Amino acid sequence: MEVDVILNKLSYSKFRSSFRLREKEIAYINDKGLDVIRKHAYDFINKRLASDNIPNDGKQTPMRGHPVFIAQHATGTCCRGCLEKWHHISKNRKLTDNEIDYVVCVIMEWIKRQLDDYSKK
């Protein structure tokens, strides 16, 4: 699914559209840089989402603490159930490398849009 299309669909969800990066997360991103944040996203997805069997699915992604966690909730990439619902990536199988790249792309695009919105304030 095209990133613009899915982000537009997610914007109509009251829950998903309620997530925003705050000053603390913006400062963290500015300090670390987007390349480091992208690496963190790959690490989190590979450790928490890519497996074919996630015993705590639906509870593995914190609601705060890192910009990527917030982005995951905003983009419906926080658990395999949400991945299936929003992105049509089925559960109970390992994510492919292309699917992992797609998930990280969606997360990073949402983060970039948040940075753009913040800079306009």
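Condition first: in contact (Cβ under 8 Å) with a residue 40 or more places away in the chain and not in a helix (DSSP H, G or I). Now tell me which residues in the stretch 1-12 satisfy that.
Met1
Just one of the numbered conditions (1) assigned to a loop (DSSP other than H, G, I, E, B); (2) modelled with pLDDT of 95 or more is not true of Asp101; which one?
Among (1) assigned to a loop (DSSP other than H, G, I, E, B); (2) modelled with pLDDT of 95 or more, Asp101 violates only (1).
One residue is enough: does the stretch 93-108 have a residue meeting the conditions buried (at least 16 other Cβ atoms within 10 Å of the Cβ), among the charged types (D, E, K, R) and either out of contact with any Asp or Glu (no Cβ under 6 Å at 6 or more places or on another chain) or under 18 Å from Arg20 (Cα atoms) (or both)?
Yes, the conditions are met somewhere in the stretch 93-108.
Does the stretch 27-40 hold any residues that are in contact (Cβ under 8 Å) with a residue 24 or more places away in the chain and either touching a Ser or Thr at 6+ places or on another chain (Cβ under 9 Å) or closer than 15 Å to Gln72 by Cα (or both), and which are they?
Ile37, Arg38, His40
Restricting the search to the stretch 3-26, which residues are more than 13 Å from Trp86 (Cβ to Cβ) and charged (D, E, K, R)?
Asp4, Lys14, Arg20, Arg22, Glu23, Lys24, Glu25
In the stretch 21-65, which residue that is among the small types (Gly, Ala, Ser) and within 16 Å of the chain's Cα centre (by Cα) is surrounded by the most Cβ atoms within 10 Å (Cβ to Cβ)?
Keep residues of the stretch 21-65 that are among the small types (Gly, Ala, Ser), which gives 27, 33, 41, 50-51, 58, 65.
Retained after the next criterion (residues that are within 16 Å of the chain's Cα centre (by Cα)): 41, 50, 58, 65.
On the way: Ala41: 26, Ala50: 18, Gly58: 11, Gly65: 10.
Filtering first and then ranking leaves Ala41.
Out of Asp52, Asp57, Asp43, report the one residue that is charged (D, E, K, R), out of contact with any strand residue (DSSP E or B) (no Cβ under 8 Å at 6 or more places or on another chain), in a helix (DSSP H, G or I) and without any contact (Cβ under 8 Å) to a residue 60 or more places away in the chain.
Checking each option against the conditions leaves just Asp43.
The values are calculated or read from the model by the stated rules, or taken from the named source; none is laboratory data. Owing to the predicted nature of the structure, the values given are computational and were not obtained by experimental measurement. As a convention, Cβ positions derive from the backbone with ideal geometry for all residues, glycine included, and neighbour counts pool all protein chains shown.
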